[in-house]
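Written below as structure tokens is the structure these notes are about.
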Amino acid sequence: MYQWILFDLDGTLTDPGEGITNSVAYALRQFGITPPPREQLYPFIGPPLTDSFNRYYGFTPEQAVKAVEQYRVYFAEKGIYENRVYDGIKQLLESLRQSGRRLAVASSKPEPFVHTIMEHFSLGDYFDFVGGALMDETRIKKGDVIAHVIKNTGISDRSQVLMVGDRAYDVWGATEQGLDSAGVLYGYGSRAELAEAGATYLVEYVSDLAAICLQ
């Protein structure tokens with residue numbers, strides 16, 4: 001049924017919790033804000049950062065842009081490597097490739113960072129295309145990133161495409177582009193969040209993804 005599998009990066013292929021929260025904490029300190037415990041910054045994982053700085057700290061659009069710039073100061077040097085591949089992901093990708101499925105990444109993280117992470121963790125060879133956001137924030141919404149991936153891969157039949165991600169934004173982006181979606185529960189989105197967003201499937205573990213992707 002699915003010939004193309006599109007994967008979110010953060011919270012789906014890798015666990016970036018330490019690096020992202022450290023980067024957010026660094027940015028908050030530049031504004032004189034004492035960061036809360038790490039767990040309270042987990043909502044920053046997945047959505048566009050400008051939206052999160054506005055939503056959780058009331059930053060103006062101009063402040064949010066400056067906060068993202070400060071976030072990237074820490075992230076580019078240290079945070080990008082404070083990350084790990086989820087157990088079972090490489091085995092999953094290998095089995096999907098051997099089955100003839102084609103794979104792509106659709107991430108709201110800036111594309112240069114996505115490529116660096118994929119290379120660092122030796123994930124790039126599994127994928128036909130890696131798509132991400134633009135550094136100037138003009139392509140950050142997940143639906144726009146997915147559209148970018150579809151355009152650059154030449155996908156014509158969207159019924160044969162599955163988007164896999166851990167947050168409501170992944171599900172909404174998939175729905176916007178006419179794709180089925182699998183919401184993974186091992187990442188940073190809750191069952192309630194993903195179900196309410198309308199995920200086609202809810203997946204408890206990495207090991208459960210193969211059956212859905214290969215059906």
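Every read-out reported here was derived from the displayed coordinates using simple, explicitly stated rules and does not represent laboratory data. Since the structure is predicted, the reported quantities are computational estimates derived from the model, not experimental observations.
Assorted remarks:
- The stretch 101-180 - percent relative contact order, Cα under 8 Å, separation 6 or more: 29 percent
- Residue among 14, 175, 60 with the largest mean-square fluctuation in a Gaussian network model of the chain, springs linking Cα atoms under 10 Å: 60
- Principal-axis tilt of helix 17-30 within the chain, Cα atoms, nearest 10 degrees: 30 degrees
- Overall form of the stretch 96-160: oblate. Here a/c, set by the Cα gyration tensor axes a ≥ b ≥ c, is 1.5 or more, and a/b is not larger than b/c.
- The convex hull around the C-alpha trace of the stretch 28-87, projected and averaged over every direction, spans 4.6 square nanometres.
- Directionally averaged projected area (the stretch 162-214, Cα convex hull): 3.0 nm².
- Degrees between helix 61-77 axis and first principal axis of the chain (Cα, 0 to 90, nearest 10): 70 degrees
- Of 183, 79, 32, the one that fluctuates the most in a GNM where the chain has Cα springs shorter than 10 Å: 32
- Karplus 3J(HN,Hα) series, Hz, for the stretch 4-13 with 6.51 cos²θ - 1.76 cosθ + 1.60 (x for Gly, Pro): 10, 10, 9, 10, 5, 9, 5, x, 10, 8
- Gap separating the Cα centres of the stretch 20-71 and the stretch 98-172, nearest whole Å: 24 Å
- The chain pair-distance distribution - Cα-Cα, 5 Å bins, rounded %: 1, 7, 16, 21, 21, 16, 10, 5, 2, 1, 0
- Relative to the longest principal axis of the Cα atoms of the chain, helix 111-120 runs at roughly 70 degrees.
- Relative contact order of the stretch 24-114, defined on C-alpha pairs under 8 angstrom at six or more residues apart (%): 27 percent
- Rounded, prolate or oblate (a/c below 1.5 giving rounded, otherwise prolate when a/b exceeds b/c) for the stretch 89-200 by Cα gyration tensor: rounded
- Entry note, the chain: relative contact order of 25 percent, from Cα contacts under 8 Å with a spacing of 6+ residues.
- Taking the chain as a Gaussian network of alpha-carbon nodes connected by springs under 10 Å, the highest mean-square fluctuation of the residues 66, 151, 90 belongs to 151.
- The alpha carbons of the stretch 3-52 give a radius of gyration and a Dmax of 12.9, 49 Å, in that order.
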